[in-house]
Amino acid sequence: MNEPLISTIDLHHSFHNRGTVLAGANFQLFPGERIALTGANGAGKTTFLHLLVGLLKLRQGEIIAFGQSRKSEADFVEVRARAGLLFQDPDDQLFCPTVLEDVIFGPLNLGKSRKEALAIARDTLSELGMSHFESRVTHQLSGGEKRMITLASVLSMQPDALLLDEPSNALDDQAKTRLIKTLQRLPQAMIIISHEQDFLQQLATRWVRLEEGKLISIPETPQAT
Ligand SMILES: Nc1ncnc2c1ncn2[C@@H]1O[C@H](COP(=O)(O)OP(=O)(O)OP(=O)(O)O)[C@@H](O)[C@H]1O
Ligand SMILES: [Mg+2]
């Protein structure tokens, strides 16, 4: 049987002035899966993804990613290189002056040559229909444009798994359709957080809901979140 790429055992997390957010979350992401992660606003979905990649400190429970239990910052540096996180807010992700520099940053950082990185960045932008944005100034882009560019910068790292925090936010119908097609074509396992049922329905192979700090399996056509 396939080993999970990422799993959590009895994960807990609380914030000082909020209290318990995760209260024993158990989870597994297997190769080839596209998991729809749903849950009310404030349920802890973003918190969960941030714990998986070590952006929040693991205090209680276990995270096993790519075959190893992950605890130290060095462990999570590797997890972040292999699990591409798309931030819920694109402004947390874009930090270079121009689009091309942002998209090329990941592959360069992973040790690709400038030529290779450029080819990957251009292919990725083209796949997303964003080639003509190469020279644009990132902070001047619209919300939906920023969303597509952040996706390009995550995909250009060619990660083994994708952790997508509300990828369809701010996208118009055309961009959303293109995104669905792109994600359907990708071989990587992914977690997709979204409040949009129709978007998730076109992608998800399994549905999970975060409720009262736990991750529960739900049927394919759940109630609106
Ligand atoms: N750094 C923080 N300090 C204190 N409370 C926080 C912090 N980050 C998140 N929270 C709180 O933890 C809870 C979970 O937040 P989180 O962002 O994970 O929710 P979410 O399920 O992603 O919600 P949404 O659907 O609105 O994006 C919320 O009540 C939020 O206010
Ligand atoms: Mg969130």
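The values are calculated or read from the model by the stated rules, or taken from the named source; none is laboratory data. Predicted model, so just to flag it, every value in this text is computed and none were measured. Counting neighbours? That spans all protein chains shown, and the Cβs are built from the backbone with ideal geometry, glycine included. Calculation scope for accessible area: heavy atoms of the full protein, side chains included, ligands and nucleic acids excluded. Shrake-Rupley method; radii C 1.70, N 1.55, O 1.52, S 1.80 Å.
A count restricted to the range 175-225 and to residues that are touching a strand residue (DSSP E or B) at 6+ places or on another chain (Cβ under 8 Å), farther than 22 Å from I149 by Cα and within 16 Å of ligand 1 (Cβ to nearest atom) stands at 12.
Please determine whether any residue of the range 19-35 is away from ligand 1 (no atom under 13 Å from the Cβ), surrounded by fewer than 17 Cβ atoms within 10 Å (Cβ to Cβ) and at positive phi. The answer is yes; a qualifying residue exists.
Restricting the first member to the range 174-202 and to residues that are β-branched (V, I, T), and the second to residues that are open to solvent by 30 Å² or more (accessible area, probe 1.4 Å) and assigned to a helix (DSSP H, G or I), the beta-carbon pairs closer than 9 Å and six or more apart or on different chains are T182/E127; I193/T46. Once the range 161-174 is narrowed to residues that are among the acidic types (D, E) and away from ligand 1 (no atom under 16 Å from the Cβ), the residue that is surrounded by the most Cβ atoms within 10 Å (Cβ to Cβ) is D172.
Every test in (1) within 9 Å of ligand 1 (Cβ to nearest atom); (2) open to solvent by 10 Å² or more (accessible area, probe 1.4 Å) is passed by H12 save one, and that test is (1).
Select from the range 59-75 the residues that are surrounded by 12 or more Cβ atoms within 10 Å (Cβ to Cβ) and in contact (Cβ under 8 Å) with a residue 24 or more places away in the chain and write down the one among them that is farthest from ligand 1 (Cβ to nearest atom). Checking each candidate, the answer is F66. With the requirement that a residue be in a loop (DSSP other than H, G, I, E, B) and under 20 Å from E33 (Cβ atoms), what does the range 150-166 give you? Matches in the range 150-166: M157, Q158, P159, D160, E166. On the given criteria, is V79 touching a helix residue (DSSP H, G or I) at 6+ places or on another chain (Cβ under 8 Å), β-branched (V, I, T) and not in a strand (DSSP E or B)? Here the answer is yes, as V79 does meet what is asked. Between L108, L86, L118, L125, the distinction of being touching a strand residue (DSSP E or B) at 6+ places or on another chain (Cβ under 9 Å) and surrounded by 15 or more Cβ atoms within 10 Å (Cβ to Cβ) belongs to L86 only.
Yes/no per residue for (1) within 16 Å of ligand 1 (Cβ to nearest atom); (2) over 18 Å from the mean Cα position of the chain (by Cα):
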{"position": "V77", "(1), (2)": "no, no"}
{"position": "R80", "(1), (2)": "no, no"}
{"position": "Q88", "(1), (2)": "yes, no"}
{"position": "C96", "(1), (2)": "no, yes"}
{"position": "V99", "(1), (2)": "no, yes"}
{"position": "L108", "(1), (2)": "no, yes"}
{"position": "S142", "(1), (2)": "no, yes"}
{"position": "R147", "(1), (2)": "yes, no"}
{"position": "V154", "(1), (2)": "no, no"}
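Taking F95 and the conditions (1) crowded, with 18+ Cβ neighbours inside 10 Å; (2) at pLDDT below 95, which numbered condition does it fall short on, given that it satisfies the others? Condition (1) is where F95 drops out. Taking the conditions (1) of a type in the set (D, E, K, R); (2) touching a strand residue (DSSP E or B) at 6+ places or on another chain (Cβ under 6 Å); (3) in a helix (DSSP H, G or I) in turn, R147 satisfies each one other than (2).
Condition check: more than 13 Å from ligand 2 (Cβ to nearest atom) and either in contact (Cβ under 8 Å) with a residue 60 or more places away in the chain or open to solvent by 30 Å² or more (accessible area, probe 1.4 Å) (or both). Does A81 satisfy that?
When the stated conditions are applied, A81 passes them.
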